[in-house]
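The values are calculated or read from the model by the stated rules, or taken from the named source; none is laboratory data. Owing to the predicted nature of the structure, the values given are computational and were not obtained by experimental measurement. All Cβ positions, even for glycine, are placed from backbone atoms using ideal geometry, and neighbour counts span all protein chains on display. Surface areas here come from the heavy atoms of the whole protein model, side chains and all, with no ligands, DNA or RNA. Shrake-Rupley method; radii C 1.70, N 1.55, O 1.52, S 1.80 Å.
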Amino acid sequence: MSTKPLRRPASKELSGREFDLIVIGGGITGAGIALDAASRGLSTILFEKGDFASGTSSKSTKLVHGGLRYLQNLQFAVTLESVRERELLEKLAPHMVWRLPFVIPQYRGKRFKNMKVRAGLSLYDLMAGSGKNGSHKRLTPAEVLSACPGIRVDGLLGGLRYYDCRTDDARYTLEVIKTACEHGALAMNHAQVVNLSRRKGTVYGVEVHDRAAGAASANFTVRGKVVVNATGVWSQQTAQLSGGKSLLEVAPAKGVHIALKQSRLPITDAILVDSVHDDRFCFAVPWYDSVIVGTTDTPYDGDLDNVQAEPEEVLYILDALNAQFPFARLTLGDVTATFAGLRPLVREKGKGSSAEVSRKHSLITAQDGVISIAGGKLTTYRPMASETVDAVFQRLTTLDAARKIVPSTTDKIMVGCEAGVDGLEQLSEFAQGAKLPNETLALLYSMYGKRATEVVALMKERPELGKRISVGHSYIVAQIVYAVQNEAACTIDDVLSRRIRLTITDNQGALQSADLVSRVMAQELKWDERRRNGQKDWFTTRYKRG
Ligand code: FAD
């Protein structure tokens with residue numbers, strides 16, 4: 001079961017090279033495009049200005065879902081496509097797309113709402129073609145209480161249980177990038193595209209700034225027959241790098257989540273929690289060893305690179321939780337972490353009013369040849385990618401009529417695990433004698449799939465790597481070493497925010513782990529004291545603010 005490490009290419013090995021396709025942006029959209037293109041035989045390189053998934057793709061609600069909200073807004077086509085993708089992704093990445101029951105509690109006095117929800121769920125089942133085991137069910141009040149202890153019982157009539165999936169958004173994105181690299185793509189994080197090179201009005205390449213090279217960095221250029229802009233909320237800025245006008249208009253919408261300890265909200269199922277301030281609802285989702293709750297949804301016009309949860313946004317979520325779980329008496333002190341992301345809501349300039357800005361994606365080919373793709377959702381990254389690469393092939397055939405169009409096969413490409421193999425059983429056999437508790441093995445399998453044996457192998461060689469990174473969490477030191485050696489982690493933040501997810505669930509735990517992570521990374525990456533301290537200072541300043 002040998003796999004290739006995700007290797008960060010050096011700028012000097014790329015400088016001056018030509019690729020069929022340059023992808024700008026290493027969120028789930030860019031990752032999906034790189035995989036689709038590489039598996040269709042295109043020479044492909046992806047550049048990401050921060051870390052892979054450091055934009056919106058690490059700050060979602062972590063659901064692979066049809067989207068009840070879309071159904072509520074009568075966006076049937078979006079829901080249908082999403083439900084189908086959910087079913088497929090469960091098969092392609094069963095180790096990290098986990099089926100999860102969701103509870104919708106029902107209360108007296110809300111007859112119309114209760115009926116509407118039931119009708120919506122029946123439609124949802126129909127779209128998924130759910131059999132007996134997958135379709136929604138009615139719950140008695142006792143069953144609701146057992147899944148959601150502490151829930152408000154006053155007027156509780158029972159509830160409905162349906163199924164969707166949750167995932168680890170950042171690790172899923174990373175896994176798609178790794179799979180793209182297995183198909184021959186190259187991917188470089190901390191590599192910002194600072195200019196689009198244009199000749200006779202057409203973009204033929206990009207200028208890249210290597211942000212990980214420090215003072216030694218010099219910009220380099222790479223040529224691409226086609227350039228795809230998959231930079232989410234930065235799409236408009238990126239499109240303008242060629243000096244032309246952008247056809248895209250991005251209207252970012254901010255979404256905040258909070259994390260709580262499971263002991264403070266001991267739910268076994270995810271639950272839909274009504275807001276007390278408007279007619280929206282939040283999801284409370286058990287996730288790793290915490291519960292994450294969100295999201296808010298407000299227009300945003302601040303700094304795209306520095307999005308923070310504001311106290312009133314956190315209170316909006318806490319108010320909803322306290323109304324639903326009155327005995328929990330949750331306060332700001334219970335919030336172990338917060339995170340905020342931006343939805344890239346887009347429209348083509350001149351088409352539609354801002355009220356029509358939809359959550360569907362937009363795919364636009366500009367006059368300079370750059371193809372921009374933005375919007376959509378994590379769940380639908382795969383069809384978005386195949387549609388984009390179809391457009392890439394269209395452009396390639398205008399440049400070279402002999403170029404053959406290859407169809408997408410990503411509906412059959414496994415992402416991070418092998419079909420028909422019980423990977424967890426294999427891992428347990430491999431780990432015999434390594435003294436790892438079952439819960440750690442299950443965690444490693446869910447995070448690394450077929451590559452989990454490589455993390456355990458590190459630990460077998462150096463048993464001290466089996467130590468925990470942070471009290472109260474199952475993450476082990478071997479994961480830091482693995483992140484640097486095999487997953488292109490370059491900073492403390494890369495490790496603590498996206499290779500493992502400590503900043504998402506436990507801000508204090510992450511701050512306390514920064515020293516250990518910096519020491520392990522310094523050893524692996526030969527950092528001197530100055531660089532190590534600089535990294536620590538940056539991380540501490542960033543996360544002390546919450
Ligand atoms: P991003 O992830 O933002 O990626 C764009 C990347 O481009 C960034 O990493 C950025 O650093 C990079 N970049 C920018 N400029 C440059 C440059 N010049 N050079 C190189 N790189 C550059 N969807 C679901 O399916 N399920 C959910 O539960 C869900 N929950 C959500 C909750 C919230 C609060 C939000 C905001 C969204 C949610 N979504 C969800 C939607 C989903 O998260 C997004 O649609 C998706 O992550 C967008 O991915 P992206 O790759 O387009 O953008």
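Rounding to the nearest 20 debye, state how big the charge dipole of the stretch 275-424 is about its Cα centre with +1 on each Lys and Arg Cβ and -1 on each Asp and Glu Cβ.
With Lys and Arg at +1 and Asp and Glu at -1, about 760 debye.
Counting only heavy atoms of the protein chains, get the accessible area per residue of the chain (1.4 Å probe) and round it to a whole Å² value. Can you show the working numbers first?
Numbers: 22940 Å² over 546 residues.
Per-residue accessible area for the chain comes out at 42 Å².
At 222 nm, what helix-only mean residue ellipticity would the chain give, in deg cm²/dmol to the nearest 500, using -39500 (n - 2.57) for each DSSP H run of four or more? Present the calculation step by step, with values, prior to reporting the outcome.
Working: 17 runs with 192 residues, N = 546.
That comes out to -10500 deg cm²/dmol.
In nm, to one decimal, how far is the modelled label at Arg329 from the one at Lys245, with both set 7 Å along Cα→Cβ?
Calculated label separation equals 6.0 nm.
Sticking with the crude label model, points 7 Å out along Cα→Cβ, report the distance from Asp303 to Ser146 in nm, one decimal please.
Spacing of the two 7 Å Cα→Cβ label points: 5.1 nm.
In Å and on Cα atoms, what radius of gyration and Dmax does the stretch 427-546 show?
Radius of gyration, then largest Cα-Cα span, for the stretch 427-546: 14.0, 43 Å.
Which residues' amide hydrogens lie under 5 Å from the amide hydrogen of Ala191, considering only partners 5 or more residues apart or on another chain, with H built in the peptide plane?
The list, which skips near neighbours in sequence, is Glu48, Lys49, Gly50, Arg211.
Take the alpha-carbon centre of the stretch 27-83, take the same for the stretch 478-506, and report the distance between them in whole Å.
The stretch 27-83 and the stretch 478-506 have Cα centres spaced 21 Å from each other.
Of the listed pairs Lys137/Lys412; Lys467/Lys526; Lys49/Lys178; Lys377/Lys536; Lys59/Lys261; Lys254/Lys377, which have alpha-carbon separations greater than 24 Å here? Walk me through the intermediate numbers first.
Details: Lys137/Lys412 31 Å; Lys467/Lys526 22 Å; Lys49/Lys178 17 Å; Lys377/Lys536 33 Å; Lys59/Lys261 18 Å; Lys254/Lys377 14 Å.
Beyond 24 Å between Cα atoms: Lys137/Lys412; Lys377/Lys536.
With each pseudo-label sitting 7 Å past Cα toward Cβ, what's the Arg17-Asp279 distance in nm, one decimal?
My value for the distance between the label points is 5.4 nm.
For the stretch 19-151, what is the charge dipole size about the Cα centre, in debye to the nearest 20, if Lys and Arg each add +1 at the Cβ and Asp and Glu each add -1 at the Cβ?
Numbers: 18 positive and 10 negative charges, 206 e Å.
The calculated dipole for the stretch 19-151 is roughly 980 debye.
Using a Förster radius of 56 Å, what is the FRET efficiency between Arg111 and Ala391 based on their Cβ-Cβ separation? Nearest 0.05, please. Write down the numbers at each step before the final one.
Numbers: r = 48 Å, r/R0 = 0.86.
Result of the calculation: an efficiency of 0.70.
Give me the dipole magnitude in Debye, nearest 20, for the chain about the Cα centre, with unit charges on the beta carbon: positive for Lys and Arg, negative for Asp and Glu.
440 debye
Show the residues, 5+ positions off or on another chain, whose built amide H is closer than 5 Å to the amide H of Ala93.
Amide H to amide H, under 5 Å and 5 or more residues apart or across chains, Ala93 pairs with Val415.
Measure off, as a whole percent, the carbon and sulfur share of the 1.4 Å-probe accessible area of the chain, all protein chains present.
51 percent
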